[in-house]
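Just below is one structure, and these are the notes that go with it.
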Amino acid sequence: MKYFLTTLIFYVSAMVVYAQPQKVIADKIVAVVGDKIVLKSDIDNSIVDMQRQGYEIPPNARCLTLEQALGVKALVLQAEKDSIPVTDEEVEADIENQIRGFINAYGSKERLEEISGRTIYQLKEDFREGFRERKLANAMRGKIVDGIRITPNETKAYFDKIPKDSLPFYESEIEIGQIVLYPKAGRDAEEYALEQLWDFKKQLESGKKDMRTLAALYSDDPGSKDKAGQYEINRNERQWDPTFMAKSFSLKEGQVSNPFKSKFGYHIVQMINRAGDDAVVRHILKIPQVTKTEINAAKQKLDSVRAKLIAGTLQFGEAVSKYSDDENSKFTGGRKMNAEGSTYITIDQLDKDLVVMLKDLKPGEYSYPAEFTDERAKKGVRIVYLISRSEPHRENLKDDYNKIAQRALEEKKNDVLEKWFAEKIASFYIKVDEEFRDCQEIKAWLSGPHATAGK
C-alpha cells in the first residue's frame with residue numbers, strides 16, 4: 001500500500017493519462033469499483049506512457065498500475081458522494097494542455113493524428129472522462145490531507161531514519177529573484193513598425209510576395225521564424241494573447257489582417273485554413289526597437305529601486321509587485337523557477353547574461369541594473385537578488401531543511417491517506433478479473449465483504 005500511495009500522488013497530480021494516442025486491438029473490463037470500471041487498455045497504455053517518459057518499469061508493473069487505478073476510482077466515488085465540484089472549464093483546460101504537449105512531442109497536429117489514428121476532436125473526447133476523474137481524485141485527496149502540517153521535530157525524525165549512504169548529493173544550487181523592466185519604445189519606433197507592416201500587407205494583397213517569405217525574412221518572433229511565421233492554434237487555448245486570437249479568428253481563409261498591437265508588439269496575421277475551433281495562421285511580428293535613451297531611463301529607475309532595497313525601506317516582494325514587468329515573477333514573488341517548478345536552480349539552467357550578473361554577488365546582495373534580451377527577442381533591464389547559494393554537498397538539515405521537510409510532509413500525508421483507504425475499502429463494491437487475482441498489491445482491495453476476484 002505504501003508504494004501505491006506514493007505512485008498515486010504522481011498519478012493524480014502529473015500530466016499522465018491512461019488513454020495514450022495508439023490503437024487498441026482488444027479490450028475488456030479488468031476491475032470494477034462501485035460503478036466505475038477499469039479497462040485492460042487503461043493498464044497497458046499507462047505502462048506504455050511510463051516507458052515513453054523514461055521511467056524504469058518494475059516486473060509487477062501491471063499489478064501496481066491496477067492498484068493505482070483502483071485507488072483513483074475509489075477517490076472519485078467519494079468525491080462524487082461529497083459533491084466536490086469540478087467544472088467543465090477546468091477539465092477542458094487540462095485537456096488542451098495535454099494535447100498541446102502531444103503536439104510538441106510529435107512535431108505537429110497532423111503527425112499526432114497520423115500516429116494516433118484519431119482526430120484532435122476525437123482525442124479530446126477520449127481524454128475527457130479520464131481527466132475529469134483525475135481532477136476529482138486529486139481534489140478528494142486534497143480534502144483528505146487538508147490541514148496536515150509538519151513540525152521541525154518531525155522533520156528531524158524523518159531525516160534521521162534515512163541511511164547516511166542513501167542521502168542524495170546536490171550540485172551547487174542558487175535561489176534568485178529578479179525585477180524586470182521592459183522599456184516602452186518611442187513613438188517614432190512604433191510608427192516605423194506599423195509602416196513596415198502596412199507595406200507587407202500591401203505586398204501580400206498585390207501578390208508581389210507571400211506570407212511565408214516575408215515572415216521568414218522580417219518577423220521578430222523567434223518562436224515561429226523557423227516555421228515561416230506559422231502557428232497551429234485553437235480558439236480555446238488560453239496561452240495565446242487574447243487580441244492575437246480574436247484577430248486571427250475574425251479572418252476568412254487567405255485574408256490578411258490590418259496591423260494590430262498585442263503584448264508582444266505589432267502584428268499582421270493571415271488565416272491559412274480553419275476547421276471549427278482549430279486554425280493554421282501565419283504572422284509577422286515587429287517589435288518596436290527601444291533606444292539607449294529608454295534603456296538608460298529604465299536603469300535609472302531600477303537604480304533607485306535598488307537603493308531602497310539596500311536601505312531596507314522597500315521589501316523585495318513589494319518591489320516586484322510594484323515595479324516588475326515580468327508576468328511570471330509576479331506570481332512567485334520575483335523568484336526564478338526552473339522547468340520542474342523549483343526555485344532551486346543550477347547554473348546551467350540560467351541564461352548566460354544572468355550567470356555573469358551573479359558572478360560577484362553574495363547571498364543577500366542585489367546586482368546593478370543590466371540590459372538583456374529575453375527569449376522573445378524583447379529588450380529589457382533587470383536587477384537580480386541572490387537569495388542563497390549552496391556548494392556541492394551531501395543532503396543535510398542545515399542546507400536542505402525545506403526539501404527534507406517537504407518530503408516528510410508528503411510521507412505524513414501518505415500515512416493519513418493510507419489510513420483513509422484502510423477504513424474505506426470495506427465499503428466499496430470491488431471486482432477484479434482473475435487475470436490479476438495473484439497480485440499481492442491488490443490483496444487488501446479484495447479483503448472487504450463486497451469484493452470478488454473472477455470473471
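The values are calculated or read from the model by the stated rules, or taken from the named source; none is laboratory data. Just so we're clear, the structure is a prediction, and the values are computed from it rather than from any experiment. All Cβ positions, glycine included, derive from the backbone under ideal geometry; neighbour counts span all protein chains shown.
So here's what we get for this one:
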| quantity | calculated |
| --- | --- |
| Residue match in region 176-185 (condition: within 16 Å of R282 (Cβ to Cβ), assigned to a loop (DSSP other than H, G, I, E, B) and within 29 Å of the chain's Cα centre (by Cα)) | no |
| E205 vs. criteria closer than 30 Å to A377 by Cα and of a type in the set (D, E) | yes |
| Pair list, Cβ under 7 Å, 6 or more apart: region 347-376 residue farther than 19 Å from P222 by Cα and surrounded by 15 or more Cβ atoms within 10 Å (Cβ to Cβ), other residue modelled with pLDDT of 85 or more and of a type in the set (F, W, Y) | Y366/Y385 |
| Counted residues, region 208-231 - those being modelled with pLDDT of 90 or more, in contact with a Ser or Thr (Cβ under 9 Å, 6 or more places away or on another chain) and not in a loop (DSSP other than H, G, I, E, B) | 3 |
| Meets criteria (in contact with an Asp or Glu (Cβ under 6 Å, 6 or more places away or on another chain) and either at pLDDT 85 or above or surrounded by fewer than 18 Cβ atoms within 10 Å (Cβ to Cβ) (or both)) for E96 | yes |
| Which listed residue is under 30 Å from S304 (Cα atoms), surrounded by 14 or more Cβ atoms within 10 Å (Cβ to Cβ) and at pLDDT 90 or above, from I84, I150, I144, I179 | I179 |
| Answer from A193, A216, A139, A185 - the residue that is more than 30 Å from K292 (Cα to Cα), among the small types (G, A, S) and surrounded by 15 or more Cβ atoms within 10 Å (Cβ to Cβ) | A139 |
| L386 being within 24 Å of N296 (Cβ to Cβ), out of contact with any Ser or Thr (no Cβ under 7 Å at 6 or more places or on another chain), hydrophobic (A, V, I, L, M, F, W, C) and modelled with pLDDT of 90 or more | no |
| Conditions (1) outside any strand (DSSP E or B); (2) surrounded by 14 or more Cβ atoms within 10 Å (Cβ to Cβ): number failed by K202 | (2) |
| Criterion (at pLDDT 90 or above and not in a helix (DSSP H, G or I)) met by exactly one of K362, K301, K308, K322 | K362 |
